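To start, the structure under review is shown below, and the notes come after it.
The values are calculated or read from the model by the stated rules, or taken from the named source; none is laboratory data. Keep in mind it's a predicted model, so treat the numbers as computed, not measured. Quick reminder, even Gly has a Cβ in these numbers, built from the backbone with ideal geometry, and neighbours come from all protein chains shown. Surface areas here come from the heavy atoms of the whole protein model, side chains and all, with no ligands, DNA or RNA. Shrake-Rupley method; radii C 1.70, N 1.55, O 1.52, S 1.80 Å.
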Amino acid sequence: MTSGKKLYALGETPPLGHVPEQMYASVIRSERYGQPRDAFQIEVVEVPKPGPKQVLVWVMAAGINYNNVWAALGTPVDVIAARRKASPAEPAFHIGGSDASGIVWAVGSQVSKVKVGDEVVLSCASWDENAPDIQAGADPITSTSARIWGYEENWGSFAQFTRVDEYQCHPKPPKLSWEAAAAYMLVGATAYRQLMGWAPNIVKEGDPVLIWGGSGGLGSMAIQIVKAKGGIPIAVVSSEGRMEHCYKLGAKGVINRTDPAFTHWGRLPDTSDAEGYAEWMKGANAFRKKWSEVLGSRQGPRIVLEHPGESTIPTSVLVCDNAGMIVICAGTTGYNADVDLRYLWMRQKRLQGSHFANAEQCGELNDMVIAGQVDPALSRTFAFDEVGTAHQLMHENTHPPGNMAIRVNALA
Ligand code: NAP
């Protein structure tokens, strides 16, 4: 590895293995917290140095995810303050970006599985391999040391170089463009763990699966994973155009949640409020009826892939099949989700939290992409100075169906 003072313009490439001291990055600072379109700005910052088991990657393209909408807003977590509280030496800025494709540019002294020049995609979870819980056998993604790179951790992919742990590198699917390769890992591996990581509630041949936000990042991946595993994906969306997207990906049926018969979204009325509860049940039963029509059977979903949270959990718990699972990875619409416990215990349903994925699950999802079973569903590619615009669209739920990417060092 060599290094030097020259700052490389976007579109200009240093010799392989040459690491400049500075780089361009799309940066959030706490004084800009607020609407994503204004929170990100391109700045010149230092290039991070890889530790012994770390890798420096020349970023070709980066994926857009909801987590950096939260980072830009500065809520529910002020990621810069949280890091600086844990370690005052941390910089007073955040470089987001939890998905990337790129080229390994430098490796630490103990790295053995990748080498300079390898074309890779990056997964977003890192952890301390020596953490006591991991040493005691915990799944690393459940470790108290687990962090999301480009969100909880700094030096994400909205920059010319990014720094990751070695096990975050996976082979880039050879047939994909840099942009498509950058778009799928975070949502794909999250959906994969939700659907395949919680035995015995994993997708089996003929299992109907309810997928909220079917045209979103998670949903687009989930539809394809369920289909590839022999299940029956049924998606929920909020517009006709989004229905079309889900059918193209392989959904057996799609429900439009804006149907006026569904009057029940949001929190449950108190169970002592008989009238309010009956009214809620009317809307929920209309949804259940639509589900049965679309599936062609009265069986409930064996798995409900949840992420909206507050607005949908009461419905998810009601419609889920006996001994089925509601598996949730977010609370996009709110965190105070009501559960009518009667359905949970009497019908022996499982409400399971799930967060990203471990390295094996990332590898299994990546293999499905390499095999052509899962398409990244890349909808739109943005220029590097449009990081804020892409996140603003996502914040306003006006982004196109599927996954979005940013060109960093890749040329248009
Ligand atoms: P996305 O592409 O924006 O998709 C979210 C979808 O949710 C939208 O397409 C929208 O579809 C649907 N939605 C919005 N409001 C809704 C409501 N009131 N009721 C039902 N559906 C609603 O986002 P994503 O990338 O799929 O991520 C979704 C959430 O999961 C985010 O909060 C993200 O931070 C989280 N997430 C967590 C993890 C993790 O590891 N824990 C990983 C990935 C993502 P319609 O309007 O068409 O219904």
Report, in deg cm²/dmol and to the nearest 500, the calculated mean residue ellipticity at 222 nm for the chain, where each DSSP H run with n ≥ 4 adds -39500 (n - 2.57) and the sum is divided by the residue count. -8000 deg cm²/dmol
State, as an integer percentage, the relative contact order of the chain based on alpha-carbon contacts under 8 Å between residues 6 or more apart. 18 percent
Given H placed 1.01 Å from N in the peptide plane, which residues other than close sequence neighbours of ALA100 have an amide H under 5 Å from its amide H? GLY63, LEU122
Sticking with the crude label model, points 7 Å out along Cα→Cβ, report the distance from ALA286 to ALA412 in nm, one decimal please. 4.6 nm
C-alpha center-to-center spacing [the stretch 270-313, the stretch 341-412] in angstrom: 25 Å
On a full-extension model of 0.36 nm per residue, what is the gain between GLU275 and GLU129, subtracting their alpha-carbon distance, rounded to one decimal in nm? 47.2 nm
Added length on full extension, which subtracts the Cα-Cα distance from 0.36 nm per residue, GLN352 to TRP198: 54.6 nm
Using only protein heavy atoms and a 1.4 Å probe, report how much of HIS307 is accessible, in Å² to the nearest 10. 30 Å²
Which length gain, in nm to one decimal place, applies between LYS49 and THR13 when the Cα-Cα distance is subtracted from 0.36 nm times their residue separation? 11.1 nm
Separation between the LYS248 and ARG342 pseudo-spin-labels, each 7 Å from Cα along Cα→Cβ, expressed in nm? 4.4 nm
Given the protein chains as shown and a 1.4 Å probe, how many square angstrom of THR332 are accessible, to the nearest 10? 60 Å²
For a quick size check, give me the Cα extents of the stretch 188-353 along its three principal axes, largest first, whole Å. 44, 34, 30
Of the accessible area of the stretch 222-371, computed with a 1.4 Å probe and all protein chains kept, carbon and sulfur make up a percent value of 50 percent
Could you work out the pair-distance distribution P(r) of the stretch 306-372 from its alpha-carbon pairs, with 5 angstrom bin width and percents rounded to whole numbers? 4, 17, 21, 17, 13, 13, 10, 4, 1
Amide H to amide H, which residues 5 or more places from TRP149 or on other chains are under 5 Å from it, using H placed in the peptide plane? ALA125, SER126
Fraction of alpha-carbon pairs in the stretch 118-240 farther than 25 Å apart, rounded to whole percent, equals 37 percent
Average Cα contact separation per residue, the stretch 188-353, under 8 Å, 6 or more apart, as relative contact order %: 19 percent
Over the chain, with the other protein chains present, what is the accessible area per residue in square angstrom, probe 1.4 angstrom? 41 Å²
Report the accessible area of TYR167, computed with a 1.4 Å probe over the heavy atoms of all protein chains in place, in Å² rounded to the nearest 10. 50 Å²
Residues other than ASN67 with Cβ under 13 Å of its Cβ, Lys/Arg counted +1 and Asp/Glu -1, net out at -2
Residues whose placed amide H lies under 5 Å from that of LEU351, excluding near-sequence neighbours: ILE326
With just the Cα atoms of the chain, tell me how far they stretch along each of the three principal axes, in Å, largest first. 71, 45, 43
Could you give me the ³J(HN,Hα) list for the stretch 110-118, computed from phi with Karplus coefficients 6.51, -1.76, 1.60 and θ = phi - 60°, whole Hz, x at Gly and Pro? 9, 7, 10, 9, 10, 9, 4, x, 5
Structure shown: which of LYS172/LYS252; LYS53/LYS229; LYS5/LYS175; LYS5/LYS85; LYS229/LYS349 lie over 28 Å apart, alpha-carbon to alpha-carbon? LYS172/LYS252; LYS53/LYS229; LYS5/LYS175; LYS5/LYS85
